[in-house]
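Below is one structure, written out as structure tokens; the observations come after it.
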Ligand SMILES: *[C@@H]1O[C@H](CO)[C@@H](O)[C@H](O)[C@H]1NC(C)=O
């Protein structure tokens, strides 16, 4: 009974929020040009924007990796990016693609791709930090070779939940369970970051397999960025502004209250059953004092 009433009250709050926002004009920002939306932040020429901003590549060699970040900060959004990961022997390399806020009690939503020897599977590592605390790892194999082609990796982040998806298939959901004392990222705007770096001390088979520098430079590629998102600027969100910016984009705001329908719940279960290789929520050895509260919540 307690759980029913708390979830229905948070549902009411979300309905209220949505109607307020729709009444005011929720701005959807869409974009697909790297020059416009991102800045290369490190790597001394190893990161490149190509084809008039349609393509971005990161590279890694023995001297350095490279990285970029979004110009905008976002507070909620549905953010899609296509990535094609380092092919061949990528063991020891990590391609990180994530949202993060700043400061000591930061929030973060992570995709990290851990490379492997040719023919051996990448691991897709995910995590959610709220207020500086993570320890919420889930890891997956993929049902395709992520180096052979571009695939779409999406983060849906709204006030009720975070959903990680791969080519439109949900692989992980992190619900807003603040009512049970689990902090949820919802007050700190986040930027998009990505980097390619050497992590051969832990990435592949727990650090057993080292980066083969004779294969360098290693390259990962990005295209078709799309954000339906609330842009944060000078302390306010485009989603409740009375003077919408001129940003282009469709005005489909359904992502703001989106949840998994029964088909997508089935698909999530399929992925978790067949492709999940680590789940902190079942690691009773690690959490011998008791699993984190979000792991034992029933809804
Ligand atoms: C690499 O391949 C090995 C052998 O199949 C596998 O155990 C491991 O999970 C794979 N991925 C990483 C990142 O170590």
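Read the figures in this text as sums done on the coordinates, not as results from a lab. Quick caveat, the model's predicted, so the values are computed rather than measured. Reconstructed Cβ throughout: ideal geometry from the backbone, glycine too, with neighbour counts over all protein chains shown.
Within the stretch 102-144, the set of residues being away from the ligand (no atom under 16 Å from the Cβ), crowded, with 22+ Cβ neighbours inside 10 Å and outside any strand (DSSP E or B) comprises just one member, 107. Sort through 289, 266 and tell me the only one that's surrounded by fewer than 15 Cβ atoms within 10 Å (Cβ to Cβ) and in a loop (DSSP other than H, G, I, E, B). Answer to the check: 289.
Among the residues making up the stretch 35-67, those that are surrounded by 22 or more Cβ atoms within 10 Å (Cβ to Cβ) and over 24 Å from residue 236 (Cα atoms) are 47, 56, 58, 60, 65, 66.
Here residue 173 passes the criteria (1) within 26 Å of residue 294 (Cβ to Cβ); (2) within 16 Å of the ligand (Cβ to nearest atom); (3) not in a loop (DSSP other than H, G, I, E, B) except the one numbered (2). Taking the stretch 194-210 as the search range and keeping residues that are more than 12 Å from the ligand (Cβ to nearest atom) and in contact with a strand residue (DSSP E or B) (Cβ under 8 Å, 6 or more places away or on another chain), which one is nearest to residue 220 (Cα to Cα)? Looking at the filtered set, the residue picked out is 196.
A single entry from 85, 156 fulfils the requirement of being in contact (Cβ under 8 Å) with a residue 24 or more places away in the chain, within 16 Å of the ligand (Cβ to nearest atom) and buried (at least 21 other Cβ atoms within 10 Å of the Cβ): 85. If you go through the stretch 192-211 and keep only what is surrounded by 17 or more Cβ atoms within 10 Å (Cβ to Cβ) and under 11 Å from residue 116 (Cα atoms), you end up with 200, 203, 204, 209, 211. Would a scan of the stretch 185-200 turn up a residue that is over 29 Å from residue 256 (Cβ atoms) and in a loop (DSSP other than H, G, I, E, B)? For the stretch 185-200, residues over 29 Å from residue 256 (Cβ atoms) and in a loop (DSSP other than H, G, I, E, B): present.
Every listed requirement among (1) within 24 Å of residue 70 (Cβ to Cβ); (2) under 16 Å from the mean Cα position of the chain (by Cα) is met by residue 197 save one, (2).
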